[in-house]
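In what follows, a structure is listed as structure tokens, so that the remarks can point back to it.
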């Protein structure tokens, strides 16, 4: 019954996005996380265009920067599918549609469940639904094993920026790192990620995870270590996390980051 309900949910989700499974062979990706998912699905060879921030194992024509899409270049690639997120400007999406491009816009993932649903949908689009289900099966078993092995009750702070100080808040997929570990996010109840250092000190996290910000990450770690009464300092629980994994909404990178967080909360 649960499997039938999940399949029905995915079908409804597909209709909401306006998608039809088509097993695309010429794909342009305008979002790095979607490019990673194409790799996990084993269809990177079908990629004919991507952004300058996408990491690929072979040279792929760049058709966009982080903020600007070259519409003419995208069209020149003659894609049968363009995939992107809601970070792409609506005007750009409209321009591509006007030129007859089949473009699918994936909404922002707010949870691990969102990540999995979108991964399965992408798998259907590129004719790799079975591979998507296999990847998700492996990932869910890995996460279940992590959860069974340890549960933390620690107060946790995940830092995303330094100037200004920015934190992971509820209703984001990164908050699930904390939830899945059974820990408590010190930003619980907040609706904005902006936070002062004084507020963090008052909430006294027992573990701090600083998402990679180049040299700033090391500087921030040293800054927190100045506060000898901070629980995370006393516990020696201040860690630097790879942003390429932690901030990328894919099932594989989510599980890798979660494993690191579980390991360091012990």
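Does region 209-219 hold any residues that are closer than 22 Å to residue 152 by Cβ and assigned to a helix (DSSP H, G or I), and which are they?
Those that are closer than 22 Å to residue 152 by Cβ and assigned to a helix (DSSP H, G or I): none in region 209-219.
Would you check if residue 113 is part of a helix (DSSP H, G or I) and loosely packed, with under 13 Cβ neighbours inside 10 Å? Full working, then the answer.
Values: part of a helix (DSSP H, G or I): yes; loosely packed, with under 13 Cβ neighbours inside 10 Å: yes.
Considered against the rule, which asks whether it is part of a helix (DSSP H, G or I) and loosely packed, with under 13 Cβ neighbours inside 10 Å, residue 113 comes out as yes.
If we scan region 219-232, do we find a residue that is more than 20 Å from residue 162 (Cβ to Cβ), in contact (Cβ under 8 Å) with a residue 60 or more places away in the chain and in contact with a strand residue (DSSP E or B) (Cβ under 8 Å, 6 or more places away or on another chain)? Walk me through how you get there before you give the answer.
Here is the first cut: in region 219-232, the residues more than 20 Å from residue 162 (Cβ to Cβ) are 228-229, 231.
Next cut, in contact (Cβ under 8 Å) with a residue 60 or more places away in the chain only: 231.
Narrowing the set further to residues that are in contact with a strand residue (DSSP E or B) (Cβ under 8 Å, 6 or more places away or on another chain) leaves 231.
Yes, region 219-232 contains at least one residue that is more than 20 Å from residue 162 (Cβ to Cβ), in contact (Cβ under 8 Å) with a residue 60 or more places away in the chain and in contact with a strand residue (DSSP E or B) (Cβ under 8 Å, 6 or more places away or on another chain).
Conditions tested, residue by residue: (1) in a helix (DSSP H, G or I); (2) touching a helix residue (DSSP H, G or I) at 6+ places or on another chain (Cβ under 8 Å); (3) surrounded by fewer than 13 Cβ atoms within 10 Å (Cβ to Cβ).
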{"residue": "50", "(1), (2), (3)": "no, yes, no"}
{"residue": "54", "(1), (2), (3)": "no, yes, no"}
{"residue": "58", "(1), (2), (3)": "no, yes, yes"}
{"residue": "67", "(1), (2), (3)": "no, no, yes"}
{"residue": "73", "(1), (2), (3)": "yes, no, no"}
{"residue": "79", "(1), (2), (3)": "no, no, no"}
{"residue": "84", "(1), (2), (3)": "no, yes, no"}
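Show the residue pairs that are 6+ apart or on different chains and have beta-carbon atoms under 6 Å apart, the first residue being within region 71-97 and assigned by TED's automatic domain parsing to the domain that holds residue 36 and over 16 Å from residue 49 (Cα atoms), the second being assigned to a helix (DSSP H, G or I) and modelled with pLDDT of 95 or more.
Between residues of region 71-97 that are assigned by TED's automatic domain parsing to the domain that holds residue 36 and over 16 Å from residue 49 (Cα atoms) and residues that are assigned to a helix (DSSP H, G or I) and modelled with pLDDT of 95 or more, the close pairs are 95/71.
The values are calculated or read from the model by the stated rules, or taken from the named source; none is laboratory data. Everything numeric here is computed off the predicted structure, so don't read it as measured data. Ideal geometry is used to build each Cβ from the backbone, glycine not excepted, and the neighbour counts take in all protein chains shown.
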